[in-house]
């Protein structure tokens, strides 16, 4: 079973953005040490509790502090950018960190409408142009365009499409892109969507086959009780954000003391039902069950905690338990 890490550089209450980004770097080092396949950095804009607004910048820092783990965007929000510039940025990363770079592509706004306006003169129009933007990017990355995106790396970055629906899976299959399905953000049936992708995949290169990742939300601790306590910080943070008053991820103590309305309780239960929470054996068993059900190639795990140490431990527990199997 292949495991990877998706990091949003969330900011805990009382933590600075700089400390959150340093925690991301430390987490990447844990992933590198414990055999995780990839470390992807998310892109968000004008969200005060998330520090990662420029994945291509952060990836240079992460790459310099790791040795073998693949590094990539989860995702570059392509409607905001010219494909040529994206190809240049990631070709440069692939030149520095040979055969370790992924370009994950997405089309979500990643923030409020005001940020979309500031980033692009016509975000929605660019979303409609997504097929053309992807074709342009493929041309530059695969070196099929007369215009070179320098520097040309010895091994080009791997292209991935990120999505949460059958539509994104069909698009990835049509374009010959590897596909990452964000189960943690979707109400859709991951098994059916991944099957649809594999059945309709059209290789864009000789010998290329479909590759799949499933993004899942996981909290793992030494005991299940501790895992549920740690998870409550993230769950209450989501409830607080729905009320418009979140200052950062609350501590476990603050989360336990937070008073929930009946509606809040329902929201919390719905979110918790989409997560994998437990001790290492329980978490690995759940991942194993999902893999057997969906035949997914790899899991991209997102873990959000108040304590950076709890987050690092969560990934470590999972890797150590998996390696014992």
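Would you pick out the residues in region 1-36 that are closer than 15 Å to residue 218 by Cβ and assigned to a loop (DSSP other than H, G, I, E, B)? Once the filter is applied, which keeps residues that are closer than 15 Å to residue 218 by Cβ and assigned to a loop (DSSP other than H, G, I, E, B), region 1-36 yields 1, 8, 34, 36. If the condition is being in a loop (DSSP other than H, G, I, E, B) and either touching a strand residue (DSSP E or B) at 6+ places or on another chain (Cβ under 6 Å) or closer than 18 Å to residue 18 by Cβ (or both), then region 47-69 contributes 47, 48, 49, 51, 52, 53, 54, 65, 69. The residue that is nearest to residue 279 (Cα to Cα), among those in region 222-233 that are surrounded by fewer than 23 Cβ atoms within 10 Å (Cβ to Cβ) and either at pLDDT below 95 or touching a strand residue (DSSP E or B) at 6+ places or on another chain (Cβ under 8 Å) (or both), is 224. Looking at region 186-209, can you tell me whether even one residue there is surrounded by fewer than 14 Cβ atoms within 10 Å (Cβ to Cβ) and on the phi > 0 side of the Ramachandran plot? Within region 186-209, one or more residues are surrounded by fewer than 14 Cβ atoms within 10 Å (Cβ to Cβ) and on the phi > 0 side of the Ramachandran plot. Does residue 287 fit the bill of being farther than 18 Å from residue 190 by Cβ, touching a residue at least 24 places away in the same chain (Cβ under 8 Å) and assigned to a helix (DSSP H, G or I)? No.
Of all residues in region 71-115, those being crowded, with 16+ Cβ neighbours inside 10 Å and without any contact (Cβ under 8 Å) to a residue 12 or more places away in the chain number 1.
If you go through region 181-194 and keep only what is more than 17 Å from residue 302 (Cβ to Cβ) and in contact (Cβ under 8 Å) with a residue 40 or more places away in the chain, you end up with 191, 194.
Anything in region 123-144 that is surrounded by 12 or more Cβ atoms within 10 Å (Cβ to Cβ) and closer than 22 Å to residue 99 by Cβ? List them, or say none. Scanning region 123-144 gives 137, 138, 139, 140, 141, 142, 143. Taken over region 162-182, the criterion of being surrounded by fewer than 24 Cβ atoms within 10 Å (Cβ to Cβ), in contact with a helix residue (DSSP H, G or I) (Cβ under 6 Å, 6 or more places away or on another chain) and under 17 Å from residue 74 (Cβ atoms) is satisfied by 164 alone.
Residues checked against (1) over 18 Å from the mean Cα position of the chain (by Cα); (2) on the phi > 0 side of the Ramachandran plot; (3) exposed (fewer than 13 other Cβ atoms within 10 Å of the Cβ):
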position: 249; (1), (2), (3): yes, no, no
position: 261; (1), (2), (3): yes, no, yes
position: 274; (1), (2), (3): no, no, no
position: 296; (1), (2), (3): no, no, no
position: 324; (1), (2), (3): yes, no, yes
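Say we look at region 76-112 and pick out the residues that are farther than 13 Å from residue 156 by Cα and assigned to a strand (DSSP E or B); which of these is nearest to the chain's Cα centre (by Cα)? It comes out as 104.
The values are calculated or read from the model by the stated rules, or taken from the named source; none is laboratory data. The model shown is predicted, which means the values in this text are computed figures rather than measured ones. In this analysis, Cβ positions are derived from the backbone assuming ideal geometry, glycine residues included, and neighbour counts consider all displayed protein chains.
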